[in-house]
Amino acid sequence: MPASETAFQRCLNPACRETYSVAEVLTRCPACGDLLDVDYDWSRVKVPGSLREFEARWSQRLDPLAYSGVWRFRELLPFAPDNQIVTIGEGQTQLRSSDHVARYCDLPEGTVLLQYEGLNPSGSFKDNGMTAASTHARMTGARQAACASTGNTSASLAIYGGTTGLFGVVVFVGSGKISYGKLSQALDYGALTIQIRGDFDDAMRQVQAVCKEARIYLCNSLNPFRLEGQKTIIYRILESLGWEVPDWIVVPGGNLGNSSSFGKALAELKHLGLIPRLPRLAVINAAGADTLYELHERRGLRWNNGQVDQATIDSYYAELDASGRRAETLATAIQISRPVNLKKALRALDLCDGVVRRVSDQEILDAKAQIGAGGFGCEPASAASVAGVRLLRREGVIAPGERVVCILTAHQLKDPTATVAYHTGDPASRDELLRHGVERAPFANRPVAVPNELDQILRAIEAAAVPA
Ligand code: F0G
């Protein structure tokens, strides 16, 4: 497939719509500064006539491109020649029903499904996008790649750099703003790790300046190629549902890359006639990092055919600056107050009749404990999706019987600190929970301390036994 003629980059701004070759390394439109999409001339792409044809590739799993849960769908992100694709076997993830979580959300059994992206090689959904960004980095001959991160993007970029050796990796993190699980990954995979005195929003600003100045390839979700890879989460969900469209897709919102790419994936599938209708989208913010909620639900900011009211955004950010308010949540992965993909997320919400909600850290940790008790380990940010479903059910926005898919964005072992604090009630970590308004732990599973004596151990087990 002559990728260079089929795929191009296009400015999101309807007043500009400038196009650029995929051979260019850009993160914003050089003409007007707006975000870029990767777009396709679909008349040139040989897209399978039915989504079921993608499933057939399960039988060719010794071929790395068929094995990858991203590149198995490569006709739906056709920007790279096959021989340039960088894959480490990402996207072997699962959609599974959780009756435990359904009951918690007051929804019927069998109607709540969890898309478990923690099963990716670096333990989060980011690998879906990083395989695509790494491929583009290779196509354009990049020698060094960088990102700012709350931890998962950096772990993902570091693993792609480390395992393929194609480029050196520099990651920028806010000092003290990253969980040890994630920091350990960047360090172990050999990334140059720059700890900036500041938070994610500061790191994000700096990495853009550094990449421009030093001509380093930027791998944040401003990079439109990364978002192409993240579209495949939607394809795998549909595939697991026998290509039926669910009623709701619910996703935590941080930098808003996922919600943006989900909207794009669904719009393209509809355009290609591969799905008959669109699901509704719910994006869930943490209450301490609720920019999208504030702008969309309270100040009425809308996509408005691409004419997004910049003055509303600017005045909100000016208020944040004036009050010195910073994003603050135990769900550190989504501790972001200036989401770079804001406009694309508004487009996705517009397309999918979407809603935005905010949930407290108490709600997030309670939901996380329930997800865990149902057998799925996720990090706090991921649990915002389930807390959001519970809230939307309570409000009557989600109706019983609707089929709801929650994205569990990353693995539990990424950030065990809050989990252990919640379950143990350990005084050393309780202060941190209290500081974030988490005063109760109704679903705590406390460890039982016993002396090193057989009879006392047996007695402790007996005391805890559930009556038959
Ligand atoms: N969940 C997890 C576990 C994440 O790591 C992130 C983002 C999100 C949700 C939010 O996704 O940005 O697409 O809205 N983490 C980024 C990082 C910012 O640097 O790892 P989003």
Which condition breaks for Val47 when tested against (1) closer than 17 Å to Lys231 by Cα; (2) modelled with pLDDT of 95 or more? (2)
Which residues, taken from the range 76-117, are without any contact (Cβ under 8 Å) to a residue 40 or more places away in the chain and either open to solvent by 30 Å² or more (accessible area, probe 1.4 Å) or under 17 Å from Ile371 (Cα atoms) (or both)? Asp82, Asn83, Gln92, Ser97, Ala102, Arg103, Glu109, Gly110
List the number of the failed condition for Gln144; all other conditions in (1) in contact (Cβ under 8 Å) with a residue 60 or more places away in the chain; (2) within 10 Å of the ligand (Cβ to nearest atom) hold. (2)
So which residues in the range 100-133 are more than 16 Å from the ligand (Cβ to nearest atom) and either out of contact with any strand residue (DSSP E or B) (no Cβ under 8 Å at 6 or more places or on another chain) or part of a loop (DSSP other than H, G, I, E, B) (or both)? His100, Arg103, Tyr104, Cys105, Asp106, Leu107, Pro108, Glu109, Gly110, Thr111
Which residues, taken from the range 437-463, are open to solvent by 70 Å² or more (accessible area, probe 1.4 Å) and not in a loop (DSSP other than H, G, I, E, B)? Leu454, Asp455, Gln456, Leu458, Arg459, Ile461, Glu462, Ala463
Report yes if Thr419 is of a type in the set (Ser, Thr, Tyr), within 16 Å of the ligand (Cβ to nearest atom) and either in contact (Cβ under 8 Å) with a residue 60 or more places away in the chain or on the phi > 0 side of the Ramachandran plot (or both), otherwise no. no
Restricting attention to the range 150-167, and to residues there that are polar (S, T, N, Q) and touching a strand residue (DSSP E or B) at 6+ places or on another chain (Cβ under 6 Å), which single residue is farthest from the ligand (Cβ to nearest atom)? Ser154
Looking at (1) part of a loop (DSSP other than H, G, I, E, B); (2) surrounded by fewer than 15 Cβ atoms within 10 Å (Cβ to Cβ); (3) modelled with pLDDT of 90 or more, which is the only condition Leu434 fails? (1)
Tally the residues that are within 15 Å of the ligand (Cβ to nearest atom), surrounded by fewer than 21 Cβ atoms within 10 Å (Cβ to Cβ) and farther than 21 Å from Thr291 by Cα, restricting the search to the range 190-207. 4
Would a scan of the range 254-266 turn up a residue that is open to solvent by 10 Å² or more (accessible area, probe 1.4 Å), more than 16 Å from the ligand (Cβ to nearest atom) and closer than 30 Å to Ala418 by Cα? no
In the range 172-180, is there at least one residue being near the ligand (Cβ under 10 Å from one of its atoms) and within 30 Å of Arg403 (Cβ to Cβ)? no
Please go through the range 161-194 and pick out each residue that is assigned to a strand (DSSP E or B) and within 22 Å of Ala418 (Cα to Cα). Val173, Gly174
In the set Leu238, Leu274, Leu222, the lone residue that is open to solvent by 10 Å² or more (accessible area, probe 1.4 Å), in contact (Cβ under 8 Å) with a residue 60 or more places away in the chain and either outside any helix (DSSP H, G or I) or away from the ligand (no atom under 13 Å from the Cβ) (or both) is Leu274
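The values are calculated or read from the model by the stated rules, or taken from the named source; none is laboratory data. Quick caveat, the model's predicted, so the values are computed rather than measured. Neighbour counts are summed over all protein chains in view; Cβ atoms, including those assigned to glycine, are modelled from backbone coordinates with ideal geometry. Remember, those area values only see protein heavy atoms, side chains included, never the ligands or the DNA or RNA. Shrake-Rupley method; radii C 1.70, N 1.55, O 1.52, S 1.80 Å.
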